[in-house]
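Contents: one structure, followed by commentary.
The values are calculated or read from the model by the stated rules, or taken from the named source; none is laboratory data. Just so it is clear, the model here is predicted, and its values are computed rather than measured. Note that we place each Cβ from the backbone using ideal geometry, even for glycine, and neighbour counts take in every protein chain shown.
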Amino acid sequence: MGLDLGTKTIGMATADLDHKIATPFDTLRRKKFTLDAIALEAVLATENIGGLVMGLPLNMDGSAGPRVQATHAFVRNCLARDSFPALPIFYWDERLSTAAVERTLIAADTSRAKRATVIDKMAAAYILQGVLDLLHKD
């Protein structure tokens, strides 16, 4: 599962069984960490997820800023929970993922309201697709 961790939402995407195609899945509206973790744990269990790809929001120069630290803290706090599944977690550079998805949605003449409802899960799919493409690179 690919995750695009934001301050207000968590975009989620899943892959097909051959691990070739990422598909937008859902968007969790963030509340408090414990509630966010419980909601994420429920999705991981019901969707039989085998690993996580976390979007890593590096600065444009490649350095790690506060958002990277927040992403690492979120993962660290999830792993500290007894109920969180022991899954492999991979971090993927997500620079410009949301911008790329937004350009695609604008090109498809998607309304601003519709873009707001799908952009986070589509960014998660974009992040996950990057990893899948790397795995299947010839």
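General remarks:
- Flag for residue 70 being of a type in the set (Gly, Ala, Ser), touching a residue at least 40 places away in the same chain (Cβ under 8 Å) and exposed (fewer than 15 other Cβ atoms within 10 Å of the Cβ): yes
- Scanning the range 25-32 turns up one or more residues that are closer than 20 Å to residue 8 by Cα, surrounded by 13 or more Cβ atoms within 10 Å (Cβ to Cβ) and among the aliphatic types (A, V, I, L, M).
- Looking across 35, 17, one residue alone is aliphatic (A, V, I, L, M), within 19 Å of residue 133 (Cβ to Cβ) and without any contact (Cβ under 8 Å) to a residue 40 or more places away in the chain. It is 17.
- Filtered residues of the range 30-85 (kept if within 14 Å of the chain's Cα centre (by Cα) and of a type in the set (Lys, Arg)): 30, 67
- In the range 73-96, the residues that are touching a residue at least 12 places away in the same chain (Cβ under 8 Å), over 24 Å from residue 132 (Cβ atoms) and of a type outside the set (Lys, Arg): 77, 83
- Members of the range 106-115 found to be of a type outside the set (D, E, K, R), exposed (fewer than 11 other Cβ atoms within 10 Å of the Cβ) and assigned to a helix (DSSP H, G or I), listed by number: 107, 113
- The combined condition, being touching a residue at least 40 places away in the same chain (Cβ under 8 Å), of a type in the set (D, E, K, R) and closer than 21 Å to residue 126 by Cα, is not fulfilled by residue 41.
Let's see how each residue does on (1) within 12 Å of residue 5 (Cα to Cα); (2) among the small types (Gly, Ala, Ser):
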{"site": "25", "(1), (2)": "no, no"}
{"site": "30", "(1), (2)": "yes, no"}
{"site": "96", "(1), (2)": "no, no"}
{"site": "114", "(1), (2)": "no, no"}
{"site": "121", "(1), (2)": "yes, no"}
{"site": "130", "(1), (2)": "no, yes"}
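So that you can scan it fast, the table gives a plain yes or no per residue for (1) over 17 Å from residue 123 (Cβ atoms); (2) in contact (Cβ under 8 Å) with a residue 40 or more places away in the chain; (3) part of a loop (DSSP other than H, G, I, E, B):
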position: 58; (1), (2), (3): no, no, yes
position: 61; (1), (2), (3): yes, no, yes
position: 98; (1), (2), (3): no, yes, no
position: 104; (1), (2), (3): no, no, no
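- Count of the range 116-138 residues which are more than 17 Å from the chain's Cα centre (by Cα), at pLDDT below 85 and not in a loop (DSSP other than H, G, I, E, B): 0
- Some residue of the range 13-32 being aromatic (Phe, Trp, Tyr), out of contact with any Pro (no Cβ under 6 Å at 6 or more places or on another chain) and more than 23 Å from residue 101 (Cα to Cα): no
- Evaluated against (1) closer than 20 Å to residue 58 by Cα; (2) at pLDDT 85 or above; (3) crowded, with 19+ Cβ neighbours inside 10 Å, residue 97 falls short on exactly one condition, (2).
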